[in-house]
Amino acid sequence: SFPGGPTPPQRAAPACALLPRPSALALLQQPPPPIDASARRWNITRPSRWHPKTYPVPSGRSRRARGLPKKLKTNRAAAQRFKLRGDGTFTHKAAGKAHLQAGERRRATLAKKAPRVVTHKGLAKKLRRLLPYA
């Protein structure tokens, strides 16, 4: 606007801006919200200033102290290449399907579509160690 001209209409404040904002101290002095039985079961903390949402916290006792076995890591390279069948055997995709198949017989190309079964006992034993949760 220019001096002496009409003033623009004032925009009304939103309803949330009219409410007083509680200070951090007032929030901390409020009584904690009631924790239901299911939250207590998972040891969920009450909200704090730094963590506004409730979240599960570890019980404080290690797996060893609770008598649980150590977690084993899955070898990601083996997990992406091998799958465990229901009968306990491992399978993998056949090699030679990426490129250079123009001169190959159709039957040979189609045979590579089927998954190959790992028949070597030593390799199967290694795979069981690499994929503990397969």
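The values are calculated or read from the model by the stated rules, or taken from the named source; none is laboratory data. These figures come from a predicted structure and were not determined experimentally. We work out accessible area using only protein heavy atoms, side chains counted, and drop any ligands, DNA or RNA first. Shrake-Rupley method; radii C 1.70, N 1.55, O 1.52, S 1.80 Å.
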For segment 95-104, in residue order, the Karplus 3J(HN,Hα) values (coefficients 6.51, -1.76, 1.60; θ = phi - 60°; whole Hz; Gly and Pro = x) are 7, x, 10, 7, 7, 6, 10, 5, x, 8
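Taking a probe of 1.4 Å, how large is the accessible area per residue of segment 92-134, in Å²? Kindly include the intermediate steps, with their values, before the conclusion.
Numbers: 3830 Å² over 43 residues.
Heavy-atom accessible area per residue stands at 89 Å².
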Under 23 Å from the Cα of Lys126, which lysines turn up, not counting those fewer than eight places away in the same chain? Lys70, Lys71, Lys73, Lys83, Lys93
